[in-house]
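One structure below.
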Amino acid sequence: MSSFQGSANPPLLQATRRGLDCAAGGFTIDPYRQTDVSVITHAHADHARKVANKYYAANSAVALLKKRLGDDINIQGVEFGEPFVLGNVTVSLHPAGHVLGSAQVRVEHNNEVWVFTGDFKRDYDPSCEAFEVVPCNTFITEATFALPVYRWQPGHEIAADIWQWWQSMQQANRPCVLFCYGLGKAQRVLSELTAFTDKQVYLHGAVNPLTDIYRNAGINMLPTVPIDLRDKKKLYDGELIIAPPGAGGSTWMRRFPDAATGFCSGWMRIRGNRRRRGYDRGFVLSDHADWDGLLRTIAETGASQVLTTHGQAGALIRLLTEQGINARELHTQYSGEGDEAEA
Amino acid sequence: MKEFSRLYQTLDQTTSTNAKVVAMVEYFKHAPPPDAAWAVYFLSGKRLKRLIGAAKLRQWLAECSDLPQWLVDDCYSSVGDLAETIALLIASATENTTQGSLSGQVDELRALSKLDETAQKNKVVQWWKSQGYASCFITNKLLTGGLRVGVSQLLLARAVAQHADLPRAVILHRLMGDWTPDESFWKTLISEDDGAADISRPYPFCLASPLEDEPQSLGEISDWVAEWKWDGIRSQLIRRDGQTFLWSRGEELITTRFPEIVTAAASLPDGTVLDGEVLPWNDHGVMPFNELQRRIGRKTIGKKLLTEVPCVFLAYDCMEAGGVDIREQPFKKRRTTLESIINAVRLVSSADCRLSLSECIDSPDWEALAEKRSESRQRLVEGLMLKQVSAPFHTGRNRGDYWKWKIDPYTVDAVMLYAQAGHGKRSNLYTDYTFGVWDGDTLVPIAKAYSGLDNKEISQLDKWIRKHTVERFGPVRSVTAEQVFELAFEGINLSTRHKSGIAVRFPRIARWRHDLAAKDADTLACVKQMISND
Ligand SMILES: [Zn+2]
Ligand SMILES: [Zn+2]
C-alpha cells in the first residue's frame, strides 16, 4: 500500500457540509444534510439522520435504524466483512464494538485504504459485536475521551458496583433510577447484570422499544417491563429503573420522589462532572475508547495518517505528531465537547 | 486510611443529609480515637500546612507516570483538581489492604517537613503508586490542602452528638475555638462532662436571616428590638480567669491585632462573653470598612496605624455573665445584663473607652423604622438588625427570631473581561469572573464575582467562554468583551490600590443582561458618582 502522503489525488474521505463525503464512491458516511447514497456507522442520533435516499448499514443495525428513522427508509443491510462496490471504491463494514450493529467503514480505492471508526470501544461488551482491528493508511478515529485521565475498568466490575448499589437501595426500600443512554448503554447494563441476578428491571418509555430490538437480536438481558405511569398506586421501592439522561430534570422524576439516582457515563470518571449534575452515584461506564484504547488501536492499524473526530483531541494529536505520525483534527458535526451527549 | 476514604466516598456520593450523618456515625463508632479526632479536624474544613507546592507535585507526577509534562498539565487543566488528577493518572488499580491508619498517614505527611527534596519525592511517589484510587485521592487532598466534602459544621456536630448521645449544641460549642486533634481531644469531645473547659473557647455565633418580606409580616413592632447592622468584623470578646480572647466569626483568634480593645476588656468581670462587632472608629464616628482592612492581616500593629485607625468593640449581646451561660434567657433580659456590664466598664474607663454598646433604635411603628433605615448609607451601616425580644441566643441560623433588614445594594452594568476555573465542585467550569466598565474607550476591571448565576447559566457561560477565549494567562482566560452583567455590591470606596481607582464590597452577579451590548455598559465616571452620592 502506498501512503497517501505526497499523492496528487484528493483525499478519499473529506469532511464537508454534508458529512464525511467519498467523492470517488459517490456516497456520504453518516450525513447530516441531504444526500443521495449514505453509509451509516450506527444508529445514534448524531450519526444517523433522515437525510439520504439510500442507506447502507450492518445487518444488525437495520432494525434499530428503522426504529429511529422510520420503516419507510430505503435501507440495505450488509454482512460484516463482506466487500461491496460503490462508484469506484470498495467498501466493507467491520464491527466497532460501540453498540449493536455499530460499524467501522473501510474504503479502498487505488490501493489506498481509509477507515472511519464512527464511535468505537475496545472493552468487552456482551450486547454487541467485538471491535475488529482493520489495517489502513489513514485512520479516522473518534477521540471523545482523548486524555490519559480517561481509563476504564472492565464493564463487569462496574456492573458489580451497580448491583451493590441496587442491593443497598433494596435494603433502604428506595427506588434507584439509573440514567443510561437509551440505545446501547442501557442494554449493556441489562446484559452485564445477568451475572448477578435475574430480577426484573423497569424501563422508561424511551428505552423500552430499543431493548425489545436487542432481545429480538438474541442478546441475553434481565427481564424488563415498561413503566406504566397511569398506575398511580404502584410502588417502586427497591426496584431498578433505567431511564435516558434527559428524563433526569423532567416531571417524569416526580413519580419517584425518594429515588437514589445514578448515571452511567465515561464523563463520570471526573468527580466535578458528577457533582455538578447532582447524581448520587456516577458509574464510569463508556461505550467509547479510553486513552489506552485509542493509542493501542491507532498503533495496531499501522496508519501513517490519523484524523480525529468528536471532542478535543489536541493532546492526542500532539502526542502522535511527536511520534512521527501525521495527525490532525477533522471538523465534523459528530457530538464533541458537549459533555451531555455521549453518542 | 481505608475506612476514612470509604467515609469520604460515601459523603461524596450522596446528596441526602441523613445518609451523610449515618455514614459519619458509623465511622466514629469504629474509628480509633486519634483517627476520629483527625476526621473531625478535616471534616470541619481545617487543613494541614501545605508542605509541597503544586508545581513540584506536577513535575514529580510527569516523571513517575512516564507522561510528558505538557500532557500532565493538559490533564490537570481539564480535571481542574490536582489531587484528583494525580489519582486518575497513577493510583494503583487495587486498594492496598495493609495500609495504615488516618492518623498514621497524617503523621507521615507532617514528617515530610523534616526531609530533603529527594526523600520527600520518594515518599510521595511511593504513596501514589501503592494506594488505590480512593486512598491516593485522600492522601493528595491532605497533601495539597483541604478536603471540601460538603459537610457543614452543623451536620458534623449532629453526627458526633448522635454518636456521643449528647445535645448538638454542646458538641458545636466544644468544636469552637482552638484545639489539637488528638486522642484526648476526641475523648473530651464525646464525654458527658468536659471538666475544666478551655477558657478561650467561644460560643457558636447566632446568625440572622435576610428579611425578604415587608417588616409588617413580623407582627407588632413592640415585640422587636432594632439595631444598626454594622459593617465590620463580627466578633466574640471573652474575659475569663483574668485573660482576654477576641475571636472572629471565622474562628480566628484576633486578640493581638486589637490591643486597644484588649486594654478596655481588662475592666470586664471574669466570666464574661460578649457578642459584637469590631469597627474602625475615630473622634468623628465609624470609618469606612477599607480602613479596617488596613488593620486586618497584620499580626503586629504599629503606633501610627493605631492612631490612624483606632478600633472599638461594639457589643450586641451577652452569652455569659458571672461565669454562667445565659444563652437560653430571653433577649430582653440578656440586653439588660449587657447594658449593666458595659456601663460599669465605661464608668471606670477613660472618656475614650474602646468598648461600647450597640444602640437600640426606638420607633413607634414599622413606617418610622423604615424611615430610619433610609439613613443607613449616610451612617455607613448596611441596614438594620431586628431581634425578637424573647428569643434565646441560638446556635447558628434559626429562622424567625433574628433578621437582617439590609438596604438595597448598588448595581452597575459591567462587561466580562476574564474568566477563571472555580474550585472543588466547580473545578472544571469557568465560574470566577472579572468585570469591567468603560473609562473612555477602554474597559477597566472593577470587580471579581463568582456567585449569582444558576447552574444552567454557568454551563452556558462556560461554553461561551471556551469559544471566545482571546488569550490565556495560566488558569485565567481573557474573553471577547461582549457579555454584560448587572452586578450588585454593598459598598464602594476610593482606592489607590486598584487600577480603576475604586474598590467595591461583596460584588455579585444580579443577572445576565442578554439585552445589553458591551457598549451599553456603565462608565467608570458614573460608578464613581455613586461614592459622592453617599
Ligand atoms: Zn458519535
Ligand atoms: Zn455513538
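The values are calculated or read from the model by the stated rules, or taken from the named source; none is laboratory data. Because the structure is predicted, anything quoted here is derived from the model rather than measured. Because the Cβ atoms are built from the backbone with ideal geometry, glycine has one as well, and the counts that use them run over all protein chains shown. Ligands, DNA and RNA are excluded from the accessible area calculation, which covers all protein heavy atoms including side chains. Shrake-Rupley method; radii C 1.70, N 1.55, O 1.52, S 1.80 Å.
At a glance:
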item: Residue among A:V105, A:V99 that is farther than 20 Å from A:T28 by Cβ, within 16 Å of ligand 2 (Cβ to nearest atom) and in the same structural domain as A:H42 (by TED's automatic domain parsing); result: A:V99
item: Positions within the range B:296-337 being open to solvent by less than 50 Å² (accessible area, probe 1.4 Å), among the basic types (K, R) and assigned to a loop (DSSP other than H, G, I, E, B), in sequence order; result: B:R327
item: Residue in the range B:488-508 that is more than 14 Å from every other protein chain (Cβ to nearest Cβ), more than 24 Å from the chain's Cα centre (by Cα), part of a strand (DSSP E or B) and within 29 Å of A:R276 (Cα to Cα) present; result: no
item: The listed residue being at the interface with chain B (Cβ under 10 Å from one of its Cβ atoms) and modelled with pLDDT under 85, out of A:G314, A:G262, A:G249, A:G282; result: A:G249
item: Strands (runs of 3 or more DSSP E) (entirely within the range A:100-205) containing at least 1 residues that are at pLDDT 95 or above and within 14 Å of another protein chain (Cβ to nearest Cβ); result: A:176-179
item: Flag if B:S478 is farther than 19 Å from B:K519 by Cα and open to solvent by less than 30 Å² (accessible area, probe 1.4 Å); result: no
item: Test: residue in the range B:16-27 that is within 14 Å of another protein chain (Cβ to nearest Cβ) and among the aromatic types (F, W, Y); result: no
item: Residues within the range A:303-336 that are surrounded by 14 or more Cβ atoms within 10 Å (Cβ to Cβ) and closer than 28 Å to A:A43 by Cα, tallied; result: 21
item: Filtered residue count, the range A:303-339, keeping only those that are touching a Ser or Thr at 6+ places or on another chain (Cβ under 6 Å), assigned to a loop (DSSP other than H, G, I, E, B) and closer than 26 Å to A:C180 by Cβ; result: 4
item: Unmet criterion (only one of (1) free of Cβ contacts under 8 Å to residues at least 40 places away in the same chain; (2) open to solvent by less than 40 Å² (accessible area, probe 1.4 Å)) for A:L64; result: (1)
item: Exclusive hit being outside any strand (DSSP E or B), within 16 Å of ligand 1 (Cβ to nearest atom), open to solvent by 20 Å² or more (accessible area, probe 1.4 Å) and not assigned by TED's automatic domain parsing to the domain that holds A:L210, set A:R33, A:R49, A:R18; result: A:R49
item: Test: residue in the range A:124-136 that is over 18 Å from A:A45 (Cα atoms), within 14 Å of ligand 1 (Cβ to nearest atom) and not assigned by TED's automatic domain parsing to the domain that holds A:N216; result: no
item: Qualifying residue in the range B:121-129 (condition: at pLDDT below 95, surrounded by 17 or more Cβ atoms within 10 Å (Cβ to Cβ) and touching a His at 6+ places or on another chain (Cβ under 9 Å)); result: no
item: Checklist (1) within 14 Å of chain A (Cβ to nearest Cβ); (2) part of a strand (DSSP E or B) applied to B:I458, failing item; result: (2)
item: Sole exception among (1) in contact (Cβ under 8 Å) with a residue 60 or more places away in the chain; (2) surrounded by fewer than 21 Cβ atoms within 10 Å (Cβ to Cβ); (3) in a helix (DSSP H, G or I) for B:T188, by number; result: (1)
item: Output for the range A:195-207, where each listed residue is closer than 16 Å to A:C180 by Cβ and open to solvent by 30 Å² or more (accessible area, probe 1.4 Å); result: A:H204, A:G205, A:A206
item: Some residue of the range A:111-123 being within 16 Å of ligand 2 (Cβ to nearest atom) and open to solvent by 10 Å² or more (accessible area, probe 1.4 Å); result: yes
item: Selection from the range A:169-188 of residues that are open to solvent by less than 10 Å² (accessible area, probe 1.4 Å) and within 16 Å of ligand 2 (Cβ to nearest atom); result: A:C180, A:L183, A:G184, A:K185, A:A186, A:Q187, A:R188
item: Residues located in the range A:52-62, provided they are part of a strand (DSSP E or B) and within 16 Å of ligand 1 (Cβ to nearest atom); result: A:A57, A:A58
item: B:R6, sole failed condition from (1) free of Cβ contacts under 8 Å to residues at least 40 places away in the same chain; (2) assigned to a helix (DSSP H, G or I); (3) open to solvent by 40 Å² or more (accessible area, probe 1.4 Å); result: (1)
item: Residues that are crowded, with 22+ Cβ neighbours inside 10 Å and more than 15 Å from ligand 1 (Cβ to nearest atom), drawn from the range A:21-30; result: A:C22, A:G25, A:F27, A:T28
item: Matching residues, the range B:383-418, being in a loop (DSSP other than H, G, I, E, B) and open to solvent by 20 Å² or more (accessible area, probe 1.4 Å); result: B:V389, B:S390, B:P392, B:H394, B:T395, B:N398, B:R399, B:G400, B:D401, B:I407, B:D408, B:P409
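Every residue, every condition in (1) facing chain A (nearest Cβ under 10 Å); (2) aliphatic (A, V, I, L, M), yes or no:
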residue	(1), (2)
B:P32	no, no
B:W38	no, no
B:Y41	no, no
B:L48	no, yes
B:L51	no, yes
B:A55	no, yes
B:Q69	no, no
B:C75	yes, no
B:E84	yes, no
